[in-house]
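Comments concern the structure below.
The values are calculated or read from the model by the stated rules, or taken from the named source; none is laboratory data. Keep in mind that what you see is a predicted model, and the values were worked out from it rather than measured. Cβ atoms come from the backbone with ideal geometry, glycine included; neighbour counts cover every protein chain shown.
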Amino acid sequence: MKLARSAAVATAAVATVVAALLGSLSTTMASAIPGPNMAPDSNAAGPNAAPGSAVDGGQPAAQPLRAHARRAGLPVGTAVDMAALEADAAYRDTVAAEFNSVTAENVMKWQLVEPVRGQLDFAAADELVRFAEEHGQQVYGHTLLWHNQLPTWLTNGVADGSITPDELRQLLRQHIVDQVTHFRGKVVAWDVVNEVIDDDANLRDTLWLRQLGPGYIADAFRWAHEADPKVKLYLNDYNIEGLNAKSDAYHELATRLLRERVPVDGIGIQGHLGVQFGFSNTVIENLRRFDELGLETSITEADVRMPLPVDTAKLQAQARGFLTLLEGCLLTPGCKRFTVWGFTDRYSWVPGFFTGQGAATIMDERFQPKPAYEAIRNDLMLAGPPHHGR
Ligand code: XIL
């Protein structure tokens, strides 16, 4: 059963890659894929439809991503920029129309929730939760502990010695407990620790490791679990989508934490890719080995940047990059969501962080869908019944 379903998805996936590259979905290929598998209340077109065209019954095939996501049983999310959500109606409408999961791009980070020591400010994050409730979206929590975007009172205090290691440990515990408690029942999962392993596959040399020692990771998970025993708790990092030394290190870390009965539930694969680096062909294998540990997986921050200027070949390559992540997720029973790190180039973080690069999202600056958008939609459309085996 499980195998048959995977095989069907694999067929769909391969067909879609080819179709995306050709720029259109071949009816012959699509009709080789079993059944439309539509939810009874769905008016999405079946897999035999070419995107954007009318099919029997006159329904257009092109539904928003979230309609196909729902049918495939894989929530599709985006990071949300709260300033854009407030100021830009087109942005807001697109978040609502296209996605059924949201992640705060910044407003749940420590720097933003406690800019002044002892004064918690969840207003912007609460606004996102409210928006998500209104639009039937799940909220994925990002992030409780990171080495970036920390409040300056905290980093300064550690640097000048006015915050001792013991005090820092208490501050971290309080932060995690306060934040998890505040959002109890509102978020489905938390990135408990973000980017704790470095590019050489060692524990990252951060203020947390230096001040608290390696036990801070297990502590963070235990504190989060105490504050909300139901929410799913994740490790999250970049460059771990395929098999490599860094994902090996996560596999070892997760194995050890589970052995020590630390309440870790999942691995978040950020998925910040670039067309100039090529894409791993071991994403499925990698996701599945975490599956076999009994962990959930999520694609948490997918984007595929490119050296500017944009051209057709790069856009096609970009579509393939997104698909390696999406297909890995669709083919892994425990993969719970596929989230892009922003959906429009208008607000993407990439140009500000990677000189000379950009165009990393699935829609251009005018919200026009790129080949990557269509490839993702086609893959979801073809993916068939809920892919989850458990
Ligand atoms: C980025 C945001 O997109 C930017 O707006 C912010 O200035 C810096 O952080 N990995 C993560 C995310 O886990 O939190 C980062 O988000 C991107 C890399």
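Computed quantities for the displayed model
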read-out: Test: Ala317 is over 14 Å from the mean Cα position of the chain (by Cα) and away from the ligand (no atom under 16 Å from the Cβ); value: yes
read-out: Close pairs from segment 257-279: first on the phi > 0 side of the Ramachandran plot, partner outside any loop (DSSP other than H, G, I, E, B), Cβ under 8 Å, at least 6 apart; value: Gly271/Ile299; Gly271/Thr300; Gly271/Glu301; Gly271/Ala302; Gly271/Asp303; Gly271/Leu325
read-out: Residue among Leu315, Leu235 that is modelled with pLDDT of 95 or more and more than 22 Å from Asn378 (Cα to Cα); value: Leu235
read-out: Check on Arg71, at pLDDT below 95, over 28 Å from Pro214 (Cα atoms) and either within 16 Å of the ligand (Cβ to nearest atom) or not in a loop (DSSP other than H, G, I, E, B) (or both); value: yes
read-out: Some residue of segment 318-332 being under 22 Å from Pro75 (Cα atoms), assigned to a loop (DSSP other than H, G, I, E, B) and modelled with pLDDT of 95 or more; value: yes
read-out: Any hit, segment 109-117, residues being basic (Lys, Arg) and modelled with pLDDT of 95 or more; value: yes
read-out: Segment 361-372 - residue that is in contact with a strand residue (DSSP E or B) (Cβ under 8 Å, 6 or more places away or on another chain) and free of Cβ contacts under 8 Å to residues at least 60 places away in the same chain and, of those, nearest to Thr312 (Cα to Cα); value: Lys370
read-out: Residues that are charged (D, E, K, R), farther than 28 Å from Ala319 by Cβ and assigned to a loop (DSSP other than H, G, I, E, B), drawn from segment 234-274; value: Glu260, Arg261, Asp265
read-out: Residues satisfying the stated conditions in segment 152-202, i.e. within 15 Å of Met108 (Cβ to Cβ), touching a Leu at 6+ places or on another chain (Cβ under 9 Å) and not small (Gly, Ala, Ser); value: His175, Ile176, Asp178, Gln179, Val180, His182, Trp190, Asp191, Val192, Val193, Asn194
read-out: Qualifying positions in segment 278-302 - of a type in the set (A, V, I, L, M) and crowded, with 19+ Cβ neighbours inside 10 Å; value: Val283, Ile284, Leu287, Leu295, Ile299, Ala302
read-out: Some residue of segment 196-204 being under 26 Å from Ala125 (Cβ atoms) and over 20 Å from the mean Cα position of the chain (by Cα); value: yes
read-out: Qualifying residue in segment 98-108 (condition: part of a loop (DSSP other than H, G, I, E, B), under 22 Å from the mean Cα position of the chain (by Cα) and surrounded by fewer than 17 Cβ atoms within 10 Å (Cβ to Cβ)); value: no
read-out: Subset tally (residues that are more than 16 Å from the ligand (Cβ to nearest atom), touching a residue at least 60 places away in the same chain (Cβ under 8 Å) and under 19 Å from the mean Cα position of the chain (by Cα)) for segment 122-172; value: 2
